[in-house]
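Asker: This is the structure I want to talk about, given as structure tokens.
The values are calculated or read from the model by the stated rules, or taken from the named source; none is laboratory data. The shown structure was predicted, so the numbers you read here are calculated from the model rather than taken from an experiment. No Cβ is skipped: glycine too gets one built from the backbone with ideal geometry, and neighbour counts run over all protein chains shown. Heavy atoms of the whole protein, side chains included, go into the accessibility calculation; ligands, DNA and RNA do not. Shrake-Rupley method; radii C 1.70, N 1.55, O 1.52, S 1.80 Å.
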Amino acid sequence: MASFAVSGARLGVVRAGGGGGGGPAARSGGLDLPSVLFRRKDSFSRGVVSCAGAPGKVLLPGGGSDDLLSSAEPDVETQEQPEESQIPDDDKVKPFEEEEEIPAVAEASIKVVAEDKLESSEVIQDIEENVTEGVIKDADEPTVEDKPRVIPPPGDGQKIYQIDPMLEGFRNHLDYRYSEYKRMRAAIDQHEGGLDAFSRGYEKLGFTRSTEGITYREWAPGAQSAALVGDFNNWNPNADTMTRNEYGVWEISLPNNADGSPAIPHGSRVKIRMDTPSGVKDSIPAWIKFAVQAPGEIPYNGIYYDPPEEEKYVFQHPQPKRPNSLRIYESHIGMSSPEPKINTYANFRDEVLPRIKKLGYNAVQIMAIQEHSYYASFGYHVTNFFAPSSRFGTPEDLKSLIDKAHELGLLVLMDIVHSHASNNTLDGLNGFDGTDTHYFHGGPRGHHWMWDSRLFNYGSWEVLRYLLSNARWWLEEYKFDGFRFDGVTSMMYTHHGLQVAFTGNYGEYFGFATDVDAVVYLMLVNDLIHGLYPEAVAIGEDVSGMPTFCIPVQDGGVGFDYRLHMAVPDKWIELLKQSDEYWKMGDIVHTLTNRRWSEKCVTYAESHDQALVGDKTIAFWLMDKDMYDFMALDRPSTPRIDRGIALHKMIRLVTMGLGGEGYLNFMGNEFGHPEWIDFPRGPQSLPNGSVLPGNNYSFDKCRRRFDLGDADYLRYHGMQEFDQAMQHLEEKYGFMTSEHQYISRKHEEDKVIIFERGDLVFVFNFHWSNSYFDYRVGGLKPGKYKIVLDSDDGLFGGFSRLDHDAEYFTADWPHDNRPCSFSVYTPSRTAVVYALTED
């Protein structure tokens, strides 16, 4: 299937509004509970038209884009409206048996307000009769492993106090939090038929296809009128007007054409035109499955995406089982080519996935999947949450990529953004129905002043439906194997972690600044993920160190599998700003091991943000401009290059060895990529009147030079070979998740760190000049040891100062509180791993 051709450079994005102020905002008084949305349509309301009568060009993959009609979109001024509660009567939500009197928590209190009388079961039955019964499904489902799909009921939430007795002092807050979670689960069970049904919103909202035709529904309570427009009706707002039910859901049904073809051709453009409190506007449907930007245009258009059966990708390979230890290769599709261009899903599948497999990683984490109109946002300003980015190809291309990864035994994790949304009113959710409070909080609380983006109202019933369904959509439709949730710290606190220094005091986590609505959402989404997809992985990006973060929801925790250990890259940046002569071994060890017992972490030495222009990667901190002139093996090195290569390898190995149960690397950093990332951009006018120069929309620095790591005549190659050896060592020995781990030495004068993981002993000599002969290494297990990894190996760009055929026998000589020991030669700026052998 041909890829959809889109223009590479962006001409800019029209945005509306700026960020709000930064302090904690007062919480709204209520949690929006159910507005059960649907009423049965007795018949299709639109007259039958012939297939030839659908005018306008069709945006098919590989199709042309000349003479495409575009719906002009005015810059909409959003109008703030009060956040309305949609909560059922008190008697419809049963009180929890174990719920005792809970003190009022000012910023976390939630009131049950009597609102609409809901007839949930009847309404769900109505909608199922209208939609589910006639849905056209692919008879040949992918041959992936069948998994039990059971979301367990809530537990008592009390085990957290056994795991961490320090939580007892915050029992009121934590019990309140869990009671809110249980109340939400009970309300969802009562009004929606359970979390399983609730999370399938994409089967009811947006475009759905049945044997009779197409139905389109959109929740837009602020709109006063609505019509579906697009190529199929010549963008005529009077042709297909929609009807509104009492819950603010607009609906239209389009019967099939006389020849049985759908009223809206696959690949044609669609939008919803609404008369709103802020004026008439055209919006991309919130549940759209594909959106494209036509060449030469600024706005995106929603695409009705429903390919014929013969064009749909059918998965061939089962999803891999979750490994004990995660070794994640973080990637961005667009910049994954050595060429200065936007790369494609297909090229990534064919060229990059085999590279990741060869390097020894067992998971690939992909950024910027959800559609984002602003390319330079790195994918974090999402405009279309259910649509894979069209810059890189079609949804079928993405499915093919994921299936290929599964064939290679790689997990595919998605960097999912539910922490905020783009401020863009043309293409995204901001001001969708002309109000400020549709999907987001109103006023300053709904704006992230640093990110210039909108913040979801996690207390809204329909926002919960939208986000839970979004998570499920990517797991169900595309077979992703899990998520890395972005910006979780920003979600969990009303101050968003900005201008706040977390010290570890538990009062910082369980107080008035905690957004309980957001934490409850995270508990619900982890319930959904682990219940319906038990092999899926959930990683949360949290810098605060929130206790209970990686404890199962049934036990009272938030439910993530892993926390991203964000303190580690921050520590390395701090250290790299000073000479390594001043590095403290105890400080390094403390940072790497400072994590909660029983909560797993994914560690990393450097983040993708450090690769952006204006920041520095570890390699650039270490070697700076020498990287441009002294990385060829046929030219002399420099002391800066020798130091940089040695420390680059040591930093990565000690991070993997001590930092957590998972390890992450951003693509290219495995070989010390020499160039920063600079997205194509034009000049930008700043508020003070000055102009920030652009880069003439160049892609030269928006790529990954994999050819440098592959070139055996460059020193980058040795760094890449070391990273590969490090990954394969972990694959063989599983040291990141070994139960036995012991740090026996942190010697400040010698600059030596020694620790045990499983049957391996790691010896790091960070001294810049001192090498030590007959250096005594303590150990637990007696026997014969051999070198299994040596950062000083010539293959890795080292000086080959160690004999890899040497054997090291322990003696009954206690050392560093270990029962036995052996002697080694430890060269300066070298890391060596010794393994206990049986032969």
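Asker: GLY734 versus (1) in contact (Cβ under 8 Å) with a residue 12 or more places away in the chain; (2) touching a helix residue (DSSP H, G or I) at 6+ places or on another chain (Cβ under 8 Å); (3) open to solvent by less than 40 Å² (accessible area, probe 1.4 Å): which is the lone unmet condition?
Answerer: Going through (1) in contact (Cβ under 8 Å) with a residue 12 or more places away in the chain; (2) touching a helix residue (DSSP H, G or I) at 6+ places or on another chain (Cβ under 8 Å); (3) open to solvent by less than 40 Å² (accessible area, probe 1.4 Å) one by one, GLY734 breaks only (2).
Asker: Restricting segment 444-455 to residues that are touching a residue at least 60 places away in the same chain (Cβ under 8 Å) and open to solvent by less than 10 Å² (accessible area, probe 1.4 Å), which is farthest from VAL516 (Cα to Cα)? Step through it out loud before you land on a result.
Answerer: First, the residues of segment 444-455 that are touching a residue at least 60 places away in the same chain (Cβ under 8 Å): 444-453.
Then keep just the ones that are open to solvent by less than 10 Å² (accessible area, probe 1.4 Å); that gives 446, 448, 453.
On the way: GLY446: 16, HIS448: 18, SER453: 21 Å.
The extreme case among them is SER453.
Asker: Mind counting the residues in segment 270-311 that are closer than 15 Å to THR394 by Cβ and either among the basic types (Lys, Arg) or open to solvent by 30 Å² or more (accessible area, probe 1.4 Å) (or both)?
Answerer: Result for segment 270-311: 6.
Asker: Given (1) in a loop (DSSP other than H, G, I, E, B); (2) among the hydrophobic types (A, V, I, L, M, F, W, C); (3) open to solvent by 10 Å² or more (accessible area, probe 1.4 Å), identify the lone condition not met by TRP473.
Answerer: (1)
Asker: Condition test on LEU401, is it at pLDDT 95 or above and farther than 23 Å from ASP561 by Cα? Give the derivation first.
Answerer: Numbers: at pLDDT 95 or above: yes; farther than 23 Å from ASP561 by Cα: yes.
Yes: the conditions hold for LEU401.
Asker: Can you pull out the residues in segment 589-629 that are open to solvent by 40 Å² or more (accessible area, probe 1.4 Å), in contact with a helix residue (DSSP H, G or I) (Cβ under 8 Å, 6 or more places away or on another chain) and within 21 Å of SER579 (Cα to Cα)?
Answerer: ASP615, LYS616, TRP621, ASP624
Asker: In addition: Whether any residue in segment 690-701 is surrounded by fewer than 18 Cβ atoms within 10 Å (Cβ to Cβ), closer than 21 Å to LEU622 by Cβ and not assigned by the TED database to the domain that holds TYR772 is what I want to check. Spell out how you get there, then give the answer.
Answerer: Filtering segment 690-701 for residues surrounded by fewer than 18 Cβ atoms within 10 Å (Cβ to Cβ) gives 690-698, 700-701.
Going one step further and asking which of them are closer than 21 Å to LEU622 by Cβ, we end up with 701.
Okay, now just the ones that are also not assigned by the TED database to the domain that holds TYR772, so 701.
Yes, segment 690-701 contains a residue that is surrounded by fewer than 18 Cβ atoms within 10 Å (Cβ to Cβ), closer than 21 Å to LEU622 by Cβ and not assigned by the TED database to the domain that holds TYR772.
Asker: Let me ask something additional. Of everything in segment 651-685, what is touching a strand residue (DSSP E or B) at 6+ places or on another chain (Cβ under 6 Å) and assigned to a loop (DSSP other than H, G, I, E, B)? Give them in sequence order.
Answerer: Correct list: GLY659, GLY660, GLU661, MET667, PRO683.
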